[in-house]
Amino acid sequence: MNKQTITLMFLAALIAMAAGLWLGQNDDQPSIKPEAIQGAIYPVAKSLKDFELLDQHSNKVTKKLFKNQWSLIFVGYTHCPDVCPTTLNVLNQVDGFMREQKIQPPQMIFLSIDPQRDTPAVMKPYVEYFNKDFTGLTGEVDEIKQLTQQLNAVYRKAVGASGDIKNDDYLMDHSSALMLVNPNGDLQSILTAPHTPANIIDSILKTRAYVEANKK
């Protein structure tokens, strides 16, 4: 039995456990506490304000992007030397594992916090290198700041190789958490690092189960 087969079996077990969590609830329990995840599930989802950004195809995007589907957001930038490519690769694995188990994955969104360099033209080949179905978002600094603050994501410019912050020579220090947005377009969970496919899928399924169990 190879490593991939073992991984898929483990993920399948997680899916079954999460499904049982809410299917097993009875009518005498109208509300349950969130399951423990690597991060936190908001008992009451945090409302997100509308925004206006651009995707990697230069199409205008608003909060409607989040409606009627789960979304997993990662904040980063294309010049990131390590954390961003590593995390996007893990998200690609999550997408693949969930599809193999016939479970709809969330839409994966890469939100750039470096619009000075990350134009749609730059975002498109970068994001689609990891997965053609991933969505990259960029736009005006103020719009990005407004959304990231609501998502509890933090970032700042840092010195580059020159030891200073210059035009194209700088880094962006940023938080590594993932934000899970529910189909109403509101923040439901924060998934903290270190990220693995198993941890992420477990958190997604437990969050979905919690929301389903508390539907009126």
- Query: Based on what the data block shows, is residue 138 touching a residue at least 60 places away in the same chain (Cβ under 8 Å) and within 23 Å of residue 169 (Cβ to Cβ)?
  - Reply: yes
- Task: Scan the stretch 160-212 for residues that are surrounded by fewer than 19 Cβ atoms within 10 Å (Cβ to Cβ), in a loop (DSSP other than H, G, I, E, B) and not aliphatic (A, V, I, L, M) and report the count.
- Result: 13
- Residues of the stretch 127-159 satisfying the condition of being β-branched (Val, Ile, Thr), farther than 16 Å from residue 63 by Cβ and in a helix (DSSP H, G or I): 127, 141
- For the subset of the stretch 67-88 comprising residues that are of a type in the set (S, T, N, Q) and more than 14 Å from residue 193 (Cβ to Cβ), which member is nearest to the chain's Cα centre (by Cα)? 71
- If you take the residues of the stretch 91-112 that are crowded, with 20+ Cβ neighbours inside 10 Å and of a type in the set (A, V, I, L, M), which of them is farthest from residue 143 (Cα to Cα)? 98
- Message: Can you tell me which of (1) in a loop (DSSP other than H, G, I, E, B); (2) in contact with a Pro (Cβ under 8 Å, 6 or more places away or on another chain); (3) at pLDDT 90 or above; (4) of a type outside the set (S, T, N, Q) is the one residue 40 doesn't meet?
- Response: (1)
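Listed here are the residues, each with its yes/no results for (1) among the hydroxyl-bearing types (Ser, Thr, Tyr); (2) modelled with pLDDT under 95; (3) touching a helix residue (DSSP H, G or I) at 6+ places or on another chain (Cβ under 9 Å).
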| position | (1), (2), (3) |
| --- | --- |
| 121 | no, no, no |
| 132 | no, no, no |
| 142 | no, no, no |
| 148 | yes, no, no |
| 151 | no, no, no |
| 159 | no, yes, no |
| 183 | no, no, yes |
| 197 | no, no, yes |
- Item | Conditions (1) part of a loop (DSSP other than H, G, I, E, B); (2) farther than 19 Å from residue 177 by Cβ; number of the one not met by residue 114 | (2)
- Among (1) part of a loop (DSSP other than H, G, I, E, B); (2) touching a Lys or Arg at 6+ places or on another chain (Cβ under 9 Å); (3) not aliphatic (A, V, I, L, M) - the single one residue 215 does not satisfy: (2)
- Query: Does residue 101 satisfy being touching a residue at least 60 places away in the same chain (Cβ under 8 Å), under 28 Å from residue 208 (Cβ atoms) and of a type outside the set (Lys, Arg)?
  - Reply: yes
- Message: Could you tell me how many of the residues in the stretch 54-88 are among the charged types (D, E, K, R) and modelled with pLDDT under 95?
- Response: 1
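The values are calculated or read from the model by the stated rules, or taken from the named source; none is laboratory data. Every value quoted in this text rests on a predicted model; they were computed, and no experiment measured them. All Cβ positions, glycine included, derive from the backbone under ideal geometry; neighbour counts span all protein chains shown.
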